[in-house]
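First comes the structure, then the notes that go with it.
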Amino acid sequence: MTHQPPIEGMDCPEPVTTADQDERNAWHHAAHTAIVEYARRGQPFTIYEAARHFGVGEPHHPNMWGILTAELHREGVISPYSFTTGGRPSVASSAVRTWVAA
């Protein structure tokens, strides 16, 4: 991979350290495991409900929730079910997807 210099006037992001990557991997493992276990209940759920139930914290970037959800869907672990109002404070009761075990 080639290194692209930052655009003039923009700060170059700090490289990801081994400790950062370890933390990210630990979050991914905890969140993945929590959702798989929560899905086994056989009831519709939101990703936030599953994460909160198992005490999974926030990832380094909020987009990681969507990436993880898409991964679990591709793996055949969960399937879309319906929509509900979100319980996560940051979504302000917006519509969020509900899921069931696939």
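Throughout, read-outs are computed from the coordinates displayed, never taken from laboratory work. From a predicted model like this one, the values you see are computed outputs, not experimental measurements. For neighbour counting, all protein chains shown are included, and Cβ atoms are generated from backbone atoms with ideal geometry for every residue, glycine included.
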Once Lys and Arg are counted +1 and Asp and Glu -1 for all other residues with Cβ under 15 Å from that of G87, the total becomes +1
Where the convex hull is taken over the Cα atoms of the chain, what is its projected area averaged over directions, in nm²? 8.7 nm²
Please give the calculated 222 nm ellipticity per residue for the chain, where each DSSP H segment of at least 4 residues contributes -39500 (n - 2.57) and the sum is spread over every residue; nearest 500 deg cm²/dmol? -13000 deg cm²/dmol
About its Cα centre, how strong a charge dipole does the chain have in debye, to the nearest 20, once Lys and Arg get +1 and Asp and Glu get -1 at the Cβ? 660 debye
